[in-house]
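Q: This is the structure, below, for whatever I ask next.
The values are calculated or read from the model by the stated rules, or taken from the named source; none is laboratory data. Only a predicted model underlies this, so the values are computations on that prediction, with no experimental measurement involved. Cβ: placed from backbone, ideal geometry, glycine included. Neighbour counts: every protein chain shown. In case anyone asks, the SASA skips ligands and DNA or RNA and just uses the protein heavy atoms, side chains included. Shrake-Rupley method; radii C 1.70, N 1.55, O 1.52, S 1.80 Å.
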Amino acid sequence: MSDNGYNRDPVRIFVTGNCDGLEPLKDALDQHDDVDVVGFSEHVADAYAPLAGGHLQVVLHGTRDAHLPVHDIASIREHTQAPLILLASGESSQLLNEALDTDVADVLLLPQLADNVVFAIRKAAHAGRRLEAEGGHGRRGRILTVFSPKGGTGKTVTATNLATAFAKYQKKRTLLIDLDLQFGDAAIMLGLEPEKTIYDLVVAPGELDSEKLAGYTTRHSSGVDVLPAPLRPEDAELVTEAKINRLLEVARGSYDLIVVDTSPFFHGPMLATLDRTDELLVLCGLDVPTLKNVKLAQHTLDLLSFPASRVRFILNRSNSKVGMKRSEVESALGVKMSFEMPSDRAVPLSVNRGTPAVVADAGCDFSRSIREIAKGLLAREQEKKRRRFGALARA
Ligand SMILES: Nc1ncnc2c1ncn2[C@@H]1O[C@H](COP(=O)(O)OP(=O)(O)OP(=O)(O)O)[C@@H](O)[C@H]1O
Ligand SMILES: [Mg+2]
């Protein structure tokens, strides 16, 4: 997307805090075509979910303090890396000086013309995009998160087989992260006995970088690198949102694709992952309890302002004769399934052998559907890139 005025997608912003002049500014921004005000919360603590999951491009924070609101900034930073603009009123030279030493993108003293504020927002969003693009030495992996709000729907089977297909058949540098932090079994399904897990990575001293990450992953014979879940459920809580944010950013710099397996909950680590998820693969099944939960999850994703365009639905065990059809699932959820996977005996067999079906039984129906999905997801990515480059070329 170009930032030069020819192709203006509204910038997704969130407003926190308060200061004199913020109310009229908020009203003006609400009316402005160049920004999309995703939400407002006076207290940062009430805004963790949208900050983490809202795919925000800029955060505005109003402060009445003469000094930098360091606690609020730290709380915002725990949940999003989006550029931050501080809004203050009156004489705040102290604040301006202090902000120079931080990663605050801009400080604006109110009142200001709405157009000036929008210009600062666009500038910050543009700089944020450039920084992101430059991160990871030019490589920018895509994060595919496999999720379902119901246990046992096939998340781990899907995540392990997809990651294997990307690495083995599409020759992509692929990382599989097991974020089912308490009871993750991705490593077991791949027949791995890892020496190190995500727990060891997050408790290790020092800043995380790609070299350090490489020291904690286990290579599967297909070429997938795996970062397994902690061995003990009680170690899960040390894998904080801040650690996951950093891990995903570093992983993006080292891999083409990062496949994330999850648990059926919207807890903190999941929200942090959503914030960086390029494609959310939601597994559905032909049963009423799963549909009920998927419906609830759709509502939660809406509340989090997670863009619907990034969600893809997959129907698992699509051929089961259980008195429900794909069309009924689609009309109940009000969405189309992007892919389907048949129920196949090869799946439990391969799970018990610790070899993913796409390798153990490459010709079976399930494996064929996994390879289709892998190809479909890559084709969609290429199409997106083509359109982006097209837009840039036209600008
Ligand atoms: N398409 C399929 N055909 C046959 N069996 C399947 C299929 N998909 C999943 N299964 C079986 O269902 C079981 C549960 O799958 P899986 O562990 O992937 O679910 P999950 O969503 O990760 O569960 P949890 O929420 O407990 O992590 C597996 O043992 C697997 O053998
Ligand atoms: Mg699982």
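Q: Accessible area per residue, 1.4 Å probe, Å², for the chain: what's the number?
A: Values: 18400 Å² over 395 residues.
Heavy-atom SASA per residue in the chain reads 47 Å².
Q: Right, something else. For the chain, restrict the atom set to alpha-carbon positions and state the Rg and Dmax in Å.
A: Taking only Cα atoms of the chain, I get Rg and Dmax of 22.3, 71 Å.
Q: Right, next: Counting Lys +1, Arg +1, Asp -1, Glu -1, what net charge surrounds Asn18 among other residues with beta carbon under 13 Å of its beta carbon?
A: Details: positive: Lys26, Arg64; negative: Asp20, Glu23, Glu42, Asp46, Asp65, Asp72.
So the environment of Asn18 carries a net charge of -4.
Q: Shifting gears a bit: Can you show me the helix-derived [θ] at 222 nm for the chain, built from DSSP H runs with n ≥ 4 at -39,500 (n - 2.57) apiece and divided by the number of residues, rounded to the nearest 500.
A: On the way: 16 runs with 173 residues, N = 395.
Taken over the chain, the calculation gives -13000 deg cm²/dmol.
Q: If you don't mind, another one. Is there a quick way to get the dipole size of the range 11-135? I mean about its Cα centre, with the Cβ of Lys and Arg at +1 and of Asp and Glu at -1; what is the value in debye to the nearest 20?
A: So the dipole magnitude of the range 11-135 works out to roughly 300 debye.
Q: Near Ala186, within a Cβ-to-Cβ distance under 11 Å, what is the net charge of the other residues, with Lys and Arg +1 and Asp and Glu -1?
A: Neighbour charge sum, excluding Ala186 itself: -3.
Q: By per-residue mean of other Cβ atoms within 10 Å, what is the highest-first order of 155-165, 259-269?
A: 155-165, 259-269
Q: To check you understand DSSP bridge types, tell me what percent of the beta bridges within the chain (both residues inside) are antiparallel, rounded to 5.
A: Details: 2 of 48 bridges.
Antiparallel bridges make up about 5 percent of those DSSP assigns within the chain.
Q: Still on this structure, I have one more. Where does the charge balance sit around Asn352 when Lys and Arg score +1, Asp and Glu -1, over other residues with C-beta under 15 Å from its C-beta?
A: Values: positive: Arg345, Arg353; negative: Asp185, Asp344, Asp361.
That works out to -1.
Q: Here is a follow-up. Kindly rank 356-365, 196-205 from highest to lowest mean number of other beta carbons found within 10 Å of each residue.
A: In descending order of packing, they fall as 356-365, 196-205.
Q: Under a straight-distance cross-link criterion of Cα-Cα below 30 Å, which lysines are reachable from Lys172, leaving out those fewer than 8 residues away in the same chain?
A: Lys150, Lys155, Lys196, Lys212, Lys243, Lys336, Lys375, Lys384, Lys385
Q: Let me ask something else about it. Give me the percent of the accessible area of the range 22-71 that comes from carbon and sulfur atoms, probe 1.4 Å, all protein chains in place.
A: Details: 1120 of 2340 Å².
That fraction is 48 percent.
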